[in-house]
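To keep things clear, I will list the structure first and then write my remarks on it.
The values are calculated or read from the model by the stated rules, or taken from the named source; none is laboratory data. Because the structure is predicted, anything quoted here is derived from the model rather than measured. Cβ placement follows ideal geometry from the backbone for every residue including glycine, while neighbour counts extend to all protein chains displayed. Heavy atoms of the whole protein, side chains included, go into the accessibility calculation; ligands, DNA and RNA do not. Shrake-Rupley method; radii C 1.70, N 1.55, O 1.52, S 1.80 Å.
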Amino acid sequence: MATAVSIANQALGWLGAKPIISFDDPTTEASLIKANYDDIRDAVLEAHNWSFAIQWMGIPKLAN
């Protein structure tokens with residue numbers, strides 16, 4: 001399973017930036033990822049009707 005850091009490193013690689021070890025690294029890359037990762041992740045999840053990101057709930061029965 002992909003971790004947040006591995007996903008961030010893939011994006012950093014596409015941009016030609018250096019990979020990070022954690023979001024708390026003392027680097028510009030890590031500080032930018034830490035500041036933006038949650039918002040970007042949420043935007044990507046909301047941009048499409050992903051089948052894995054749907055929560056199904058049952059409707060409770062009405063009381064008699």
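Short version: ³J(HN,Hα) in whole Hz for each residue of segment 14-19, in order, from phi by Karplus 6.51 cos²θ - 1.76 cosθ + 1.60 (θ = phi - 60°), x for Gly and Pro, what are they?
So the J values, rounded to whole Hz, are 4, 8, x, 9, 6, x.
Could you work out what % of the accessible surface of the chain is carbon and sulfur, using a 1.4 angstrom probe and leaving DNA, RNA and ligands out of the count?
That share works out to 62 percent.
Could you check the spin-label model distance between ARG41 and SER6? Points 7 Å from the Cα along Cα→Cβ, value in nm.
Taking the simple label geometry, ARG41 and SER6 are separated by 1.4 nm.
Taking the chain, how much of its Cα-Cα pair set, in percent, is spaced more than 17 angstrom apart?
54 percent
With a probe of 1.4 Å, find how much accessible area the chain has per residue, and write the answer as a whole number in Å².
90 Å²
Counting Lys and Arg as +1 and Asp and Glu as -1, each charge on the Cβ, what is the dipole of the chain about the Cα centre in debye, to the nearest 20?
About 240 debye.
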